[in-house]
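The values are calculated or read from the model by the stated rules, or taken from the named source; none is laboratory data. Quick caveat, the model's predicted, so the values are computed rather than measured. We place every Cβ from the backbone using ideal geometry, glycine too, and count neighbours over all the protein chains shown.
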Amino acid sequence: MSGWANYRDLIAQNFGVVMAIAFVIGLFVPGIEHAPKFVVAVILGIIIFFSCSKIRMDDFRAFRALDVALVVVVRFIILPLAIYCFADHFLPTYKFGLLLLGLLPCGVTLPAMMTIMGGNAALGLSAVTITSFIVPFTIPLFFYLLADMSVEIDIAGMFFNLLVTIFVPVVLYFGFMRRFKRAASLMRENSSALACLLISGMIAIVVAYERDVFFQDFGFVLSGVIIGGVTYVLFYLTGLAFAYKSGAENRISYSLLSGCNNTGLGISVAVLFLTPSESVLIIIWEINWIFCLILFQQLIKRKYI
């Protein structure tokens, strides 16, 4: 087991490198593109299932819904709408990708990230719970209201997929698996590395689906990287604005709450319900997510946050 423990730690500590390898595999290894698209949603469900092991029932005693309610409304409802309206006028090719990115809930690992970086894990758990609960409603509703007649989106299918993908793993873990203490402990110990490997596998599959876009439209990909970077900076600044007069713990917490969203869910939604272009964008923005998180961690270490 010690051998796997070493690999486990190595994988978790080099998440970006593992994802970069998965990206290259998706671009160049033949046959991956034949994987059925529902596999992406299944992988995401497994990731959420394992990530639940990081949350203990005792953590919910410190639930702080009122402390995050306003930032959730601004960041996950008002801001995505504002970004969409801006993109509709100036970046129409990217508007639905940006809308989806803005609506994605907080990542399930957010409380753990806050603990590692000096934030408040209770705020993270509250934000994850609330944003995950509303997202099966907000994403289908916003796309129903904003998608024009030239775009055909299965809104009912999107709603059902989000509902199942998010809530079934949570119910299975907290209603069943957590009762088996040894199994739950093993999941907790290995969840970070396994989530990294599963996300990388999902990225390899989706990149393989859309590899032609990466090879044939480099300008679109490069523009997507720039737009994604600017958008994530906006996310972090939005969170920081809610706590700029507070202590470092709150500044870190609200910044992470706003910037660390569930891009794996976005990849799944884009692959199943949107165009190949949106799938490519969300994959690119997963890379932006990682680099912005690394940059944010460096800013914390240098006492800039």
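Just a few scattered comments:
- Count - residues of the stretch 241-288 that are assigned to a helix (DSSP H, G or I), among the aliphatic types (A, V, I, L, M) and buried (at least 20 other Cβ atoms within 10 Å of the Cβ): 13
- Residue selected from the stretch 245-262 under the condition within 28 Å of Ile287 (Cβ to Cβ) and more than 20 Å from the chain's Cα centre (by Cα), by the criterion modelled with the highest pLDDT: Arg251
- Pair list, Cβ under 8 Å, 6 or more apart: the stretch 218-245 residue within 12 Å of Asn288 (Cβ to Cβ), other residue of a type in the set (A, V, I, L, M, F, W, C) and assigned to a loop (DSSP other than H, G, I, E, B): Ile227/Leu91
- Candidate set: the stretch 202-240, residues that are charged (D, E, K, R) and in a helix (DSSP H, G or I); chosen: the one farthest from Gly45 (Cα to Cα): Asp212
- Qualifying positions in the stretch 1-34 - modelled with pLDDT of 90 or more and β-branched (Val, Ile, Thr): Ile21, Val24, Ile25, Val29, Ile32
- Neighbours by Cβ (under 7 Å, 6+ apart or cross-chain): first from the stretch 36-58, within 13 Å of Ile199 (Cα to Cα); second surrounded by fewer than 22 Cβ atoms within 10 Å (Cβ to Cβ) and modelled with pLDDT under 85: Ser51/Thr109
- When residues of the stretch 110-124 are limited to those that are of a type in the set (Gly, Ala, Ser) and farther than 17 Å from Ile290 by Cβ, the one surrounded by the most Cβ atoms within 10 Å (Cβ to Cβ): Gly124
- Helices (runs of 4 or more DSSP H) enclosed by the stretch 38-138 - at least 3 residues per element that are in contact with a helix residue (DSSP H, G or I) (Cβ under 8 Å, 6 or more places away or on another chain), modelled with pLDDT of 95 or more and over 20 Å from Val168 (Cα atoms): 79-90, 95-103
- Selected residue (criterion: surrounded by the fewest Cβ atoms within 10 Å (Cβ to Cβ)) from residues of the stretch 152-191 that are touching a residue at least 40 places away in the same chain (Cβ under 8 Å) and not in a helix (DSSP H, G or I): Asp154
- Here Phe180 fulfils each of the conditions (1) touching a Phe, Trp or Tyr at 6+ places or on another chain (Cβ under 9 Å); (2) modelled with pLDDT of 90 or more; (3) more than 23 Å from Leu274 (Cα to Cα) apart from (1).
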